[in-house]
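Peer 1: One structure, as structure tokens, below. Some questions next.
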Amino acid sequence: MKIDSHQHFWIFNEYDYGWMGDNMQVIKKDLLPSDLAIELNKIGFDGSVAVQARQKLEETRWLLRLADQNDFIKGVVGWVDLRSPDIDAQLAEFAAHPKAVGVRHVIHDEPDDDFMLRPNFVAGVKKLINYNLTYDILVFPKHLPNTVAFVEQFSENQIFVIDHIAKPLIKDKILSPWKEDMERLAKFPNVYVKLSGMVTEADWDNWKPTDFKPYLDTVIGAFGTNRVMIGSDWPVCRVAGEYPQIMGIVMDYINSLSESEKNKILGGNAIKAYKLKQ
């Protein structure tokens, strides 16, 4: 199967999606499974992993309902309150669903740069292994040293997935210290990376495929072809281009690889990391 490892759905309202600026009108509307299905078909992809866009339990429940109604949604990375005294009850409810595959918290929006190292947050993430759930790490480059310290606290059985290659400063063509920090993270065999979210870190109106090559070279050079996976970040990516164009960045980049390596990046690694049902 070919899997888009990272996409979102929403019924738009200003309160829940206040992060959408005036320059993001193209995504300020309802964007639902029927819309994504058209895009997947355009490039011959079989399914996707739906990722939370609101930090509410209702978001997780809603995404799981959408997954029940749409076979192409192969997994859901939801949100739970990892610091809650009720965390086990929340995880038990979530993990009972066969398409619940992971959890995410929007760390890069937390005002405390050390949020991910708070003991109560770490304790919550440590419970995920009991429910067979991955943890998606959403951070900026400035958070990567803490990300290394965070991952060090877990056994190799807990799978982590770095979203959007940790959002390097592509528009400014800055590689370091992001490059060195990603290479440090790659030493942990339980850390995967999504080749996603890159266009929104580039010049939205003037990016070229070559802008991403140094960053893709770094990630694949460090993590190899067994721990990276393609993702669109649809519909957020639409601020900088349309779906086939965005997915084409990675698909064209990996064109010279073997069929086996391409199959891993285009679906196999997502299936492995998230234990998706085929």
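Peer 1: Which ones in region 20-71 are more than 25 Å from His108 (Cα to Cα) and among the small types (Gly, Ala, Ser)?
Peer 2: Ser34, Ala37, Gly44, Gly47, Ala67
Peer 1: So for region 52-65 (the condition being at pLDDT 95 or above, within 20 Å of Ile230 (Cα to Cα) and of a type outside the set (Gly, Ala, Ser)), does at least one residue qualify?
Peer 2: yes
Peer 1: Checking the condition in a loop (DSSP other than H, G, I, E, B) and either of a type in the set (Ser, Thr, Tyr) or out of contact with any Phe, Trp or Tyr (no Cβ under 6 Å at 6 or more places or on another chain) (or both), which residue from Asn226, Asn269 passes? Even if it seems obvious, please write down each step before you answer.
Peer 2: Working: Asn269 fails: in a loop (DSSP other than H, G, I, E, B).
Testing whether each residue is in a loop (DSSP other than H, G, I, E, B) and either of a type in the set (Ser, Thr, Tyr) or out of contact with any Phe, Trp or Tyr (no Cβ under 6 Å at 6 or more places or on another chain) (or both) leaves just Asn226.
Peer 1: Got a number for residues in region 214-233 being surrounded by fewer than 15 Cβ atoms within 10 Å (Cβ to Cβ) and over 15 Å from Trp178 (Cβ atoms)?
Peer 2: Looking only at that region, the number is 2.
Peer 1: For region 160-185, which residues satisfy the criterion of being at negative phi, in contact with a Gly (Cβ under 8 Å, 6 or more places away or on another chain) and not in a helix (DSSP H, G or I)?
Peer 2: Residue satisfying the conditions is Val161 alone.
Peer 1: Do we have Arg184 as among the basic types (Lys, Arg), under 18 Å from Asp4 (Cα atoms) and either surrounded by 14 or more Cβ atoms within 10 Å (Cβ to Cβ) or more than 19 Å from the chain's Cα centre (by Cα) (or both) here? Give the derivation first.
Peer 2: On the way: among the basic types (Lys, Arg): yes; under 18 Å from Asp4 (Cα atoms): no; either surrounded by 14 or more Cβ atoms within 10 Å (Cβ to Cβ) or more than 19 Å from the chain's Cα centre (by Cα) (or both): yes.
No.
Peer 1: Looking only at region 1-38, count every residue that is of a type in the set (A, V, I, L, M, F, W, C), buried (at least 17 other Cβ atoms within 10 Å of the Cβ), assigned to a loop (DSSP other than H, G, I, E, B) and at pLDDT 95 or above and tell me the total.
Peer 2: Of the residues in that region, 1 qualify.
The values are calculated or read from the model by the stated rules, or taken from the named source; none is laboratory data. These numbers were taken from a predicted model, which means no experiment stands behind them. Because the Cβ atoms are built from the backbone with ideal geometry, glycine has one as well, and the counts that use them run over all protein chains shown.
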